[in-house]
Amino acid sequence: MDIKITKTKNSKLKDIDFNNIPFGKYTSDHMFIMDYANEKWGDFRIIPYQSLQLDPQSKALQYCQCIFEGMKATIGADGIPKLLRPDLNMERFNLSAERMCMPAVPADLFLSALKAITSLEINWIPKAEGSALYLRPTMVATESSLGVTPSSTYTFYIYTAPAQPYFSTPTKLITEQTLIRAVPGGTGEAKTGGNYAGSLKASELAKQKGFDQVIWLESPKFKKIQEAGMMNLFFVIGDTVVTPALSGAILKGTTRTYFLDILKEKNIKVEVRDIYIDEIIEAYQQGNLTEAFGSGTAAVVSHISEITHGDICMKLANAEKAEISNMLYQEINGLRAGTIEDKRNWLVPVF
Ligand SMILES: Cc1ncc(COP(=O)(O)O)c(C=O)c1O
């Protein structure tokens, strides 16, 4: 793939304090961009980070025909930037594209674009352990027409944002029993903006009540657990780690996949199945719920300190005692930092 590179004349790098980079606050100097027309991708370029020109009537803006991914590039002791299992993100992106009637981005093209932008922005990758360059591949429908039909033209871009270690504080969750994020057959498995817009109200209501996020339950019974906010959920019940089976309404988290693979490899008992809130309450009341945590790209692990369901409040042990989630966190962090050997070949160097 031939990528035309136009470098910025005015780098923002000198203005960044790498000791203070809140997640997603700053974007780097450049972005990769390409366009889709006449059923093929073309015009591959890297340009200074800038606004897009979108027609007010574009299908991305009117009908939310748009998708994205979130992933991290990290730099270990050898100085070579690496991506962790980018195949999982590329696969999920193309599943999102398929669901939203958008064209696929071929894996070789996608990976070349990820490598090209990460290599160019190497100086934007924070070096401190646990920090990363966050990459946001995005596709938007650019055709201007009012008909509710798939666009014939698209723009794909990848922008990047440096991120310092994201230590999530123990999270307080409340189950949501009125609003829903997704139902099987809907778009919950796709990473598309509408799912996030639709989740805002429940999050805001939870925050007003003093919680960090909601646990989504499947309608109409509001018993089956889906996920929480922007993370997949894991529970440790007795000697078994349990996580909800993908139901068509849950995002297939990449971190969830890393965790399942590591747990199986370490012969820790794992069950991927339907989980109901009543079962969690029962395990808690019997003293068998030893850990609950969320998984996601931003924090890797979010310890859950409290789950409220109606008038039942379950308080969980301190994060330091959470053996399984701490082990998983250290595996992923150590792998990225280069302190744990990459025996599984999960890391993909960008050059
Ligand atoms: C709704 C939702 N669920 C789960 C996740 C976790 O996915 P991942 O581990 O790929 O970051 C995310 C993160 O983007 C999310 O937005």
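Could you tell me the relative contact order of the range 229-273? Use alpha-carbon pairs under 8 Å, at least six residues apart, and round to a whole percent.
RCO, the range 229-273: 45 percent.
Distance between the C-alpha centers of the range 67-118 and the range 200-214? Whole Å please.
Each part reduced to its Cα centre gives a spacing of 31 Å.
Highest GNM mean-square fluctuation, the chain, Cα pairs closer than 10 Å: which of Phe293, Phe23, Phe259?
Maximum among the listed residues: Phe23.
My understanding is that a pair violates if its Cα-Cα distance is over 24 Å; which of Lys172/Lys321; Lys7/Lys72; Lys25/Lys127; Lys72/Lys269; Lys7/Lys82 do that in this structure?
Cα-Cα > 24 Å for Lys72/Lys269; rest within.
Express the C-alpha Rg of the chain as a ratio against the empirical globular expectation 2.2 N^0.38 Å, rounded to two decimals.
1.02
Tilt of helix 107-120 relative to the longest C-alpha principal axis of the chain, in degrees (0 to 90, nearest 10)?
80
Can you tell me the convex hull volume per residue for the range 103-145, based on C-alpha atoms, in Å³ to the nearest whole number?
In the range 103-145, the Cα convex hull volume per residue is 107 Å³.
Only Cα pairs within less than 10 Å get springs; with that Gaussian network setup on the chain, which residue of Ala299, Ala77, Ala97 has the largest fluctuation?
With Cα springs under 10 Å in the chain, the top fluctuation among Ala299, Ala77, Ala97 is at Ala77.
So how many Å³ per residue does the convex hull of the Cα atoms of the range 233-298 work out to?
Hull volume over Cα atoms, normalised by residue count, gives 86 Å³.
Sorting check: for 248-258, 324-334, which peptide has the highest mean count of neighbouring beta carbons within 10 Å, and how do the rest follow?
248-258, 324-334
Percent of Cα-Cα pairs per 10 Å bin, from 0 to the last occupied bin, for the range 273-350, please list those.
16, 38, 27, 15, 4, 0
Would you mind telling me which residue in Ile312, Ile46, Ile125 has the biggest mean-square fluctuation in a Gaussian network model of the chain, where springs connect alpha carbons within a distance under 10 angstrom?
Ile312
What list do you get for Glu306, Glu341 if you sort them by fewest beta carbons within 10 Å?
Ranking Glu306, Glu341 by Cβ neighbours within 10 Å, fewest first, gives Glu341, Glu306.
Above 25 angstrom, tally the Cα pairs of the range 4-163 and express them as a % of all pairs, no decimals.
In whole percent, the share of Cα-Cα pairs in the range 4-163 beyond 25 Å is 32.
Using square roots of five times the C-alpha gyration tensor eigenvalues, list the equivalent-ellipsoid semi-axes of the range 215-351 in whole Å, biggest first.
27, 17, 13
Among Glu189, Glu176, rank each residue by its count of other Cβ atoms within 10 Å, from fewest to most, as a rough exposure measure.
With the fewest neighbours first, Glu189, Glu176 line up as Glu189, Glu176.
If contacts are Cα pairs under 8 angstrom and at least 6 residues apart, what is the relative contact order of the chain in percent?
RCO, the chain: 19 percent.
Given the -39500 (n - 2.57) contribution per DSSP H run of 4+ residues, what per-residue ellipticity at 222 nm results for the chain, rounded to the nearest 500 deg cm²/dmol?
Taking each H run of at least 4 residues, the total per residue is -7500 deg cm²/dmol.
Take the alpha-carbon centre of the range 20-43, take the same for the range 255-297, and report the distance between them in whole Å.
About 35 Å separates the Cα centre of the range 20-43 from the one of the range 255-297.
Each value in this text was obtained by applying a stated rule to the coordinates, not by laboratory testing. The structure displayed is predicted, hence computed values, not measured ones. Ideal geometry is used to build each Cβ from the backbone, glycine not excepted, and the neighbour counts take in all protein chains shown.
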